[in-house]
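J.: Dumping the structure here so I can ask a few things about it.
The values are calculated or read from the model by the stated rules, or taken from the named source; none is laboratory data. Every value quoted in this text rests on a predicted model; they were computed, and no experiment measured them. Virtual Cβ from ideal backbone geometry, glycine too; neighbours counted across all protein chains shown. We work out accessible area using only protein heavy atoms, side chains counted, and drop any ligands, DNA or RNA first. Shrake-Rupley method; radii C 1.70, N 1.55, O 1.52, S 1.80 Å.
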Amino acid sequence: MRKLTEKHIILASHNKGKLKEIADLLNPFGIKVTSAGDLGLNEPDETENTYVGNARIKAHYAAKSSNKPALSDDSGFSVEILDGAPGVYSADWAETPNGRDFSMAMSKIWNKIQHSPIPRKAKFCCTLCIAWPDGQDEISEGSVAGEIVWPPRGTLGFGYDPMFTDDGMAQTFAEIEPREKHLISHRASAFNKFTKYCLGS
C-alpha cells in the first residue's frame, strides 16, 4: 500500500463530528486535518450502493479539488432484521428540509423493529479511503457488532450512537468518552488498518 508522507490532509466531509474524531485519531501522527467544508468544497453526489464506492467518490473529489491527499469516511448503521438497512443510506434516513435529524432517523428504525425479538442485532460499518491528487487511493474497512437499545441514551456521540451498544457493553456509544470509543469503534477498526499500512505504525 502507498504510504502517506504528507502532514496536512483534507477530510472529505462536512460532518463536524467526523472531523473531530478523525482529527483526534490523526493528532498523534502529527497530521493536520482540514475539512472539505472549511475549504468551501461542495459535497459530491454519492451515487454508489456500497461504502467503498461512495468513499472513493468523496476522497477523489476532495483530493482533486484541493490538490492535497484527502481522506473520506463512508459509514453506516446496519440493522440485521431490516436486512442491513439503513446501511449505505444511513445519512439519507436522517435527511429533512432543514438538515439531518438523527433523532428522527433513530425513531424511524425503532418504529420498524420495536416488535421484533430481542436481541435486536446491529452493526456499524466504516470504510476509509485515502486518495491522492494523482488518482491513486487505498481502502481500509472496519466494523463493530452489537445491538439496539431504546430509548436512545447519551450525548457524547453523534449519528446513531445513542441507540447502539457494543457486544458486552452496557453503555451506548453516546455514553462513553470519545477516547474510549476511539479504541473500539468501527472507525477505530478501519483506522488501525489505515495507520498500519499507510502510516507504517
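J.: Would you kindly identify the helices (runs of 4 or more DSSP H) lying entirely within region 1-115 that contain at least 1 residues that are over 22 Å from W150 (Cα atoms), touching a residue at least 40 places away in the same chain (Cβ under 8 Å) and charged (D, E, K, R)?
T.: Once the helices (runs of 4 or more DSSP H) in region 1-115 are filtered for at least 1 residues that are over 22 Å from W150 (Cα atoms), touching a residue at least 40 places away in the same chain (Cβ under 8 Å) and charged (D, E, K, R), what remains is 16-26, 51-66.
J.: If D24 meets every condition in (1) modelled with pLDDT of 95 or more; (2) loosely packed, with under 15 Cβ neighbours inside 10 Å; (3) touching a His at 6+ places or on another chain (Cβ under 7 Å) apart from one, which number is that one?
T.: Condition (1) is where D24 drops out.
J.: Within region 118-141, can one find any residue that is in a loop (DSSP other than H, G, I, E, B) and modelled with pLDDT under 95?
T.: Among the residues of region 118-141, at least one is in a loop (DSSP other than H, G, I, E, B) and modelled with pLDDT under 95, which makes the answer yes.
J.: Any chance region 178-185 includes a residue that's open to solvent by 60 Å² or more (accessible area, probe 1.4 Å) and either polar (S, T, N, Q) or part of a loop (DSSP other than H, G, I, E, B) (or both)?
T.: No.
J.: Suppose we keep only residues that are open to solvent by 40 Å² or more (accessible area, probe 1.4 Å) and in contact with an Asp or Glu (Cβ under 9 Å, 6 or more places away or on another chain) within region 105-119. Which one would you say is farthest from E43 (Cα to Cα)?
T.: The extreme case among them is I118.
Results for (1) touching a strand residue (DSSP E or B) at 6+ places or on another chain (Cβ under 6 Å); (2) crowded, with 20+ Cβ neighbours inside 10 Å, shown as yes or no for each residue.
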site	(1), (2)
F124	yes, yes
P133	no, no
V144	yes, yes
I148	yes, yes
R153	yes, no
P162	yes, yes
